[in-house]
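Data block below; observations after.
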Amino acid sequence: MNYNNKKFRPLKNSENGDVTNEIIFHYKQTGNILTCEYSGKKIKKGQLLGVVESDGTIKINYHQITLDHKLRIGNCISKPKILENGKLILEENWHWTNGDKSKGKSTLEEI
């Protein structure tokens, strides 16, 4: 599966997450390396770096600076589902690796 130039937006996220529904994730992929930069209501700047596995699962590490200048770091596993219209949904399980080290779930939809 290739995510290059695909765009996703959040459908839902756990309360302890910083990602809100106005963020657009524009993925770039070369080989099996995935990258993305993003920003939003709570996030001044964020970046992710991931590896795409043969089944389309993405293993991601991310870091971001919040609007109050805090560095947040975490990791995520995104599993794709293909919808009837051919678009993708990504079901994500993520974990903050600094701060409160809490876990959460989110869903992204391809736009």
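For the pair HIS95 and HIS26, the difference between a 0.36 nm per residue extended length and the Cα-Cα distance amounts to 22.7 nm. Loop-resident GluC sites (Glu not before Pro) (DSSP state other than H, G, I, E or B) in region 1-42 with no more than 14 further Cβ atoms inside 10 Å of their Cβ: GLU15, GLU22. Residues considered: SER39, SER78, SER54. Largest GNM mean-square fluctuation over the chain, using C-alpha springs under 10 Å, is found at SER54. The phi torsions of region 77-92, fed into the Karplus equation with coefficients 6.51, -1.76 and 1.60 and a -60° offset, translate into couplings of 10, 10, 10, x, 10, 9, 7, 4, 7, x, 6, 10, 10, 10, 8, 10 Hz, rounded to whole numbers, with Gly and Pro shown as x.
Within region 71-111, which GluC sites (Glu not before Pro) sit in a loop by DSSP and count at most 13 neighbouring Cβ atoms inside 10 Å?
Answer by residue number: GLU84.
Which links in LYS7/LYS44; LYS81/LYS101; LYS42/LYS81; LYS12/LYS79; LYS70/LYS103 stretch past 25 Å when you go from one Cα to the other? Don't skip to the answer; put the middle values down first.
On the way: LYS7/LYS44 19 Å; LYS81/LYS101 27 Å; LYS42/LYS81 28 Å; LYS12/LYS79 15 Å; LYS70/LYS103 18 Å.
Result: LYS81/LYS101; LYS42/LYS81 exceed 25 Å.
When HIS69, HIS63 are compared by accessible area at a 1.4 angstrom probe, the order from most to least is HIS69, HIS63. Dipole magnitude for the chain: computed about the Cα centre from +1 point charges on Lys and Arg Cβ and -1 point charges on Asp and Glu Cβ, it is near 220 debye.
Computed with a 1.4 Å probe over protein heavy atoms only, the accessible area of ASP68 comes to about 90 Å². Taking 0.36 nm per residue of separation and subtracting the Cα-Cα distance, full extension of the segment from ASN2 to LYS81 would add 27.1 nm. For the chain, relative contact order (Cα pairs under 8 Å, six or more residues apart, normalised by length) works out to 23 percent. Among the trypsin sites (Lys or Arg not before Pro) found in region 12-95, those both in a DSSP coil and sparsely packed, with 14 or fewer other Cβ atoms within 10 Å of their Cβ, are LYS41, LYS70, LYS87. If you take all other residues with their beta carbon under 11 Å from the beta carbon of CYS76, and give Lys and Arg +1 and Asp and Glu -1, the sum is +2. Available extension along the chain between LYS59 and LEU71 is 2.3 nm, counting 0.36 nm per residue and deducting the alpha carbon span.
The values are calculated or read from the model by the stated rules, or taken from the named source; none is laboratory data. Keep in mind it's a predicted model, so treat the numbers as computed, not measured. Glycine also receives a Cβ, built like all others from the backbone with ideal geometry; neighbour counts cover every protein chain displayed. The protein model used for the area step is the full one, side chains on, heavy atoms only, and it has no ligands, DNA or RNA in it. Shrake-Rupley method; radii C 1.70, N 1.55, O 1.52, S 1.80 Å.
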